[in-house]
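Read through the structure below, which is laid out as structure tokens, and then see the notes.
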Amino acid sequence: MRNLLPTLILIAGLHLAVPVSAQTTPPTGASSQTPNQPPNEQVIEPAVPRRDVRVPKIPNNDFIAGAFMGTYSAENFGASFVYGARLGYHITEDFFVEAVYGTTKVNDENFRQILPGGVFPEPEEKLDYYNLSAGYNILPGEVFFGSKYAKASALYLIAGVGSTKFLEQRKQTVNFGLGLRVFLKDWAAIQVDFRDNIYSLDLLGQRKSTQNLELTAGATFFF
């Protein structure tokens, strides 16, 4: 019995020297959660319920069609009423091409007061023209109507070539100018144009280049 006493004291001392954490730490790979512990739950739930969003089908509206009317001032023959139609296409947001056809009637009343019989075979002659032009939007912005209403607008430069039929003759024509579109809707706008149509005439015994100014306004539609 006396021989076993030192051995028992040594075993008791070793048992007390083991840390408490070593006695309670589970083996590697074991789960730290008890079988009855619930899984982690989301702390904050969204207050707005999710909904399906349908992307609208927005048309490109690249094509342009419209009609116009205004004043055509033929050099040496005064101003007259002009009307016509336009058709165009937007290549990019800023660049576009446009074809225009217009018609008016020019009179030589001023010359008939000086020259017997005037210059034209008839007191009034028809003038038709068409052109193909390229335009560039230089100043997109807004036009304000009072303090509460504003409409998108675009100021553009335009130039092109075409032909003018006058007194049974066709004259090559160069045109250039500027214009303004005010958008009433995404598909409709008011368009104002100021252009100079340049072509040569030989009616008074001398061929010369003439400047023919034109101011028009009309409705334009996009589709």
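The values are calculated or read from the model by the stated rules, or taken from the named source; none is laboratory data. Please read all numbers here as calculations on a predicted model, not as lab measurements. Virtual Cβ from ideal backbone geometry, glycine too; neighbours counted across all protein chains shown. With ligands, DNA and RNA removed, areas are computed over all heavy atoms of the protein, side chains included. Shrake-Rupley method; radii C 1.70, N 1.55, O 1.52, S 1.80 Å.
The table below gives the values:
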quantity: Qualifying residue in the range 156-165 (condition: of a type in the set (Phe, Trp, Tyr), in a strand (DSSP E or B) and modelled with pLDDT under 95); calculated: no
quantity: Among residues of the range 114-139, those that are at negative phi and not in a strand (DSSP E or B), counted; calculated: 8
quantity: Filter pass, Leu215 being over 22 Å from Asn110 (Cβ atoms), in contact (Cβ under 8 Å) with a residue 12 or more places away in the chain and of a type in the set (A, V, I, L, M); calculated: no
quantity: Residues being open to solvent by 30 Å² or more (accessible area, probe 1.4 Å) and either among the β-branched types (Val, Ile, Thr) or in contact (Cβ under 8 Å) with a residue 24 or more places away in the chain (or both) - total across the range 136-163; calculated: 8
quantity: Flag if Gly218 is within 22 Å of the chain's Cα centre (by Cα) and over 21 Å from Phe95 (Cβ atoms); calculated: yes
quantity: Pick from the range 115-135, criterion aliphatic (A, V, I, L, M) and at pLDDT 80 or above, ranking: surrounded by the most Cβ atoms within 10 Å (Cβ to Cβ); calculated: Leu127
quantity: Count of the range 60-92 residues which are surrounded by 10 or more Cβ atoms within 10 Å (Cβ to Cβ) and either at pLDDT below 70 or among the acidic types (Asp, Glu) (or both); calculated: 2
quantity: Residue identified as over 34 Å from the mean Cα position of the chain (by Cα) and of a type in the set (Phe, Trp, Tyr) among Phe166, Phe183, Phe144; calculated: Phe166
quantity: Options Thr92, Thr103: the member that is more than 19 Å from Phe194 (Cβ to Cβ) and polar (S, T, N, Q); calculated: Thr92
quantity: Residue count, the range 93-102 (criterion: assigned to a strand (DSSP E or B) and surrounded by fewer than 15 Cβ atoms within 10 Å (Cβ to Cβ)); calculated: 2
quantity: Residue check, Pro123 without any contact (Cβ under 8 Å) to a residue 24 or more places away in the chain and over 34 Å from the mean Cα position of the chain (by Cα); calculated: yes
quantity: Enumeration of residues in the range 183-217 that are assigned to a strand (DSSP E or B), open to solvent by 20 Å² or more (accessible area, probe 1.4 Å) and closer than 23 Å to Glu98 by Cβ; calculated: Phe183, Leu184, Lys185, Ile190, Val192, Phe194, Ile198, Gln211, Leu213, Leu215, Ala217
